[in-house]
Amino acid sequence: MTMSAAISSNSPRMLRRATTTRRRAGSQLPPVQGQESHDNALNMLRNYLKGRTCYDVFPVSFRLIVLDTKLEVKKALQCFLLNGVVSAPLWNSEKSCFAGMLTVSDIIHLIQYYYHTSNFATAVTDVETLRLESLRDIEKALGVNTPPLLWASPDQSLYEAASLLMQTHARRLPLLDNDTETGHEMIVSIMTQYRLLKFISINCTKEVALLHLPLRKLGIGTYVVDPKDAPEGSPPFWPLATATMSTPVFDVVHEFSGRGISAVPIIDEEGIVVNLYETVDVITLVRLGAYQSLDLTIAQALNERSPDFPGVVICTASDSLGTLLQLINKRRVHRLVVVEGEEDEKRGGRKGRLLGIITLTDVLRYLVGTAPLHEHTEPPEVKLPPQPQENPQQGQSQQESGTTSEA
Ligand code: AMP
């Protein structure tokens, strides 16, 4: 099992220096930490996002992998594996226009389709010839919703982009423009939840440090409810979808697709979190010939995981939003599993037991707020010229930019 350290040890509260008797200038006094300072910092962040455009997030140089809809699914998957990415925008070269995104969700639907309808041999030959443009037919056959053809202009504010991401439940937003020479549509880049949050964490360090209220108190994430409040007959840890090491991978893949989630905590018989199975792990199965591998148990599937797997990040419900954003600045984290900590243990709990899950969707939803979309679709009243950043935002490496490595 790979488990990384909990994030609480970096808490800004713990890093505060001991009081000294030496007088200090007013500006050096630590900020008063209350609801008001938290709310002020949140408002400042929202205004910051309203005053910056998607263009501001782009690194100086980046690559963008675009796949033609005529490409065979098999080649597209090879392209993912070779380039270490798990999604790419699609291009219809007959009509010279953007044609949606290929993501891990599509791969999951494909796997489900073949699992239900065919045997391994036919699945393999079909994937040799199946083209990306046919994937939508598979979604129809499965009866799952076709993803909306969602996009934004790179000139739109980050706040608008984030609101659009939240209201459509998308994890990434293609940015399209018109080529002034040809008049054709052009795919400029992809805005992801991670890039947006990392941009905030790099450029708004002062505000981030003031977001000191605990994640659970802020309602960020999905948490286990008291069994007496859960609907009758609900499984333990409801409403969280969980699995054990002996659960068949197919059951988990079904949860991914049915509930629209991208990870499932793996727990032992006492509810202690031992790992996390993510939608990106399905890509490994595809490499192995996934149409059969779904009969594997989670334990067997995890054995196939790359040794580069960065680990599962855990936190406790009392960790702050600021700490989480500081972590996003330092490492490519897409979700955290919330577990009971020492404090819970003193109250009769069990250290390491599953309490909840926090994904980037939850964090972004909180930062953007729940205002209706129409308030934010108009261009901002004052368009700021591109501004030099105090702390340049190009924190992403070329590998990360342009394409995403998250489902
Ligand atoms: P995601 O698509 O993974 O960002 O998650 C979308 C929403 O589902 C978020 O509000 C998460 O807190 C929630 N969620 C993620 N994983 C699970 C899970 N295993 N069980 C229940 N809810 C989850």
ASN43-ASN92 pseudo-label distance in nm [points 7 Å out on the Cα-to-Cβ vector]: 4.6 nm
What does the net charge come to around VAL264 if you take all other residues with beta carbon closer than 13 Å to its beta carbon, with K and R at +1 and D and E at -1? -2
Roughly how many nanometres apart are two label points built 7 Å out from the Cα toward the Cβ at ARG347 and THR244? 2.8 nm
Treating only the Cβ atoms of Lys and Arg (+1) and Asp and Glu (-1) as charged, compute the dipole magnitude of segment 251-347 about its Cα centre; round to the nearest 20 debye. 600 debye
Under a straight-distance cross-link criterion of Cα-Cα below 27 Å, which lysines are reachable from LYS228, leaving out those fewer than 8 residues away in the same chain? LYS217, LYS346, LYS351
Table column - 3J(HN,Hα) (Hz), segment 33-41, Karplus curve with 6.51, -1.76, 1.60, x for Gly and Pro: 9, x, 4, 5, 5, 4, 5, 4, 5
Can you tell me the FRET efficiency between LEU149 and GLU270 if r is taken as the Cβ-Cβ distance and R0 is 45 Å, rounded to the nearest 0.05? 0.50
Starting from the amide H of ARG131, placed 1.01 Å from N in the peptide plane, find each other amide H under 5 Å away whose residue is 5 or more places distant or on another chain. VAL73
Hey, can you grab everything whose amide H is under 5 Å from the amide H of THR192? Only 5+ residues off in sequence or another chain; H modelled, so Pro and N-termini drop out. LEU173
FRET efficiency for LYS217 and THR168, using Cβ-Cβ distance with R0 set to 30 Å, rounded to 0.05: 0.60
Could you check the spin-label model distance between LEU82 and ASN303? Points 7 Å from the Cα along Cα→Cβ, value in nm. 3.1 nm
Ranking of GLU133, GLU160 by count of other Cβ atoms within 10 Å, fewest first: GLU133, GLU160
How about LYS50: which lysines have a C-alpha closer than 20 Å to its C-alpha, ignoring those fewer than 8 places off in the same chain? LYS198, LYS206, LYS383
Cα-based reach from LYS70 at 20 Å (exclusive), listing aspartates and glutamates while leaving out same-chain residues under 8 positions away: GLU94, ASP106, ASP126, GLU128, GLU133, ASP137, GLU139, GLU185
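Every number here is computed from the coordinates shown, using simple stated rules; none is lab data. Owing to the predicted nature of the structure, the values given are computational and were not obtained by experimental measurement. FYI the Cβ positions are ideal-geometry reconstructions off the backbone, even for glycines, and counts take in every protein chain you see.
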